[in-house]
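Structure first, commentary second.
The values are calculated or read from the model by the stated rules, or taken from the named source; none is laboratory data. For clarity, every value in this text was computed on a predicted model and none was experimentally measured. All Cβ positions, even for glycine, are placed from backbone atoms using ideal geometry, and neighbour counts span all protein chains on display. For the accessible areas, the whole protein counts, side chains as well, though only heavy atoms, and no ligand, DNA or RNA atoms are used. Shrake-Rupley method; radii C 1.70, N 1.55, O 1.52, S 1.80 Å.
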Amino acid sequence: MTQQPSVILATASYDHTIRFWEAKSGRCYRTIQYPESQVNRLEITPDKRYLAAAGNPHIRLFDVNSNSPQPVMSYDSHTNNVMAVGFQCDGNWMYSGSEDGTVRIWDLRAPGCQREYESRAAVNTVVLHPNQTELISGDQNGNIRVWDLTANSCSCELVPEVDTAVRSLTVMWDGSLVVAANNRGTCYVWRLLKGTQTMTNFEPLHKLQAHDGYILKCLLSPEFCEPQRYLATASSDNTVKIWNVDGFTLEKTLIGHQRWVWDCVFSVDGAYLITASSDATARLWSVSTGEDMRVYQGHHKATVCCALHDGADTPS
């Protein structure tokens, strides 16, 4: 049993490894071989105990505090690349989205898939609304769908731009905004309004032409970043841009990666951003200065996803 660091930082790469890093020193202290597929997405459970790796077509759960190379659990009913994975706030269940066209829900305490929703196109991104009762998915055909977990059905569909893949979705921590980023470098921003029912209504707020290239990830800042509210956009133009949500003005452009930036994650207070790039590195940035403070080097091929948990453990 190794001593658990207070900050869990992990990256995955096309070199078929997952690496854990000491955030401050930049030292890699654990490498997991993942030979059977690439890893598309990483997510850490709210209690910091497990790391989920979304591959093709499995999701594997690894023990953060062990040195075992073997997963503690495997979730196997998707039939193609799993592009999205995340956890309910208490860590009782996991959600996923796949290029097989489905969104799935998994009870972490029981084997097998509990629910399946058909998106009818390859799912690129899924986020959980902070109310914990709605999943929002974006797919390759440009559809955004809200899945009402209470009614067990699709409660809302919208298409911001016909035939333009939705690459990434993000919801503000208080449920007030949702942002969708697409393959044309555009972010669509909606206010989320509660209707007379529990259904969430989308009110168009802003259209932001953030990059000339693809946006591969968009992410709104967390609660403890308040009163500042930021939107980060990671792009195939090798940059990440930080936008002020108040007016969507550009605050900073993070320049340093040499190739596409695939993923980004804020620290719990929104002061730092971790990024993952095809240049085989991950980087730590100061959001306020835009400076690159640490480079995590060790992967031999494109680093395509990262996960960070530097907050308090939530009880399991």
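So in the range 62-92, with the set limited to residues that are assigned to a strand (DSSP E or B) and touching a residue at least 40 places away in the same chain (Cβ under 8 Å), which one is farthest from the chain's Cα centre (by Cα)? Of everything passing the filter in the range 62-92, Phe62 is farthest from the chain's Cα centre (by Cα). Restricting to the range 96-112, and then to whatever is of a type outside the set (Gly, Ala, Ser), assigned to a loop (DSSP other than H, G, I, E, B) and closer than 17 Å to Pro71 by Cβ, can you tell me which residue is least open to solvent (accessible area, probe 1.4 Å)? Across the range 96-112, the extreme among qualifying residues is Leu108. Of all residue pairs spaced 6 or more apart or on separate chains, those with beta-carbon atoms under 6 Å, a first member in the range 42-55 that is touching a residue at least 40 places away in the same chain (Cβ under 8 Å) and a second member that is among the acidic types (Asp, Glu) are Asp47/Asp313; Lys48/Asp313; Ala52/Glu43.
One line per residue, one yes/no per condition, for (1) more than 18 Å from Glu134 (Cα to Cα); (2) touching a helix residue (DSSP H, G or I) at 6+ places or on another chain (Cβ under 7 Å); (3) aliphatic (A, V, I, L, M); (4) part of a strand (DSSP E or B):
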position: Val178; (1), (2), (3), (4): no, no, yes, yes
position: Leu193; (1), (2), (3), (4): no, no, yes, yes
position: Gly213; (1), (2), (3), (4): yes, no, no, no
position: Leu216; (1), (2), (3), (4): yes, no, yes, yes
position: Phe224; (1), (2), (3), (4): yes, no, no, no
position: Gly247; (1), (2), (3), (4): yes, no, no, no
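Among the residues of the range 37-61, those identified as of a type outside the set (Asp, Glu) and not in a loop (DSSP other than H, G, I, E, B) are Arg41, Leu42, Ile44, Tyr50, Leu51, Ala52, Ala53, Ala54, Ile59, Arg60, Leu61. Scanning the range 240-258 for residues that are touching a residue at least 40 places away in the same chain (Cβ under 8 Å) and not aromatic (Phe, Trp, Tyr), we see that the one that is surrounded by the most Cβ atoms within 10 Å (Cβ to Cβ) is Val240. A single member of Arg60, Arg27 is farther than 20 Å from Val103 by Cα, modelled with pLDDT of 95 or more and of a type in the set (Lys, Arg), and it is Arg27. For Glu157, only one of the following conditions fails: (1) part of a strand (DSSP E or B); (2) farther than 15 Å from Glu118 by Cβ; (3) not β-branched (Val, Ile, Thr). What is its number? It fails just one condition, (2). Of all the residues in the range 287-303, those that are open to solvent by 20 Å² or more (accessible area, probe 1.4 Å), over 18 Å from Gln33 (Cα atoms) and assigned to a loop (DSSP other than H, G, I, E, B) number 3. Among residues of the range 53-95 being β-branched (Val, Ile, Thr) and open to solvent by 20 Å² or more (accessible area, probe 1.4 Å), the one that is nearest to Asn152 (Cα to Cα) is Thr79.
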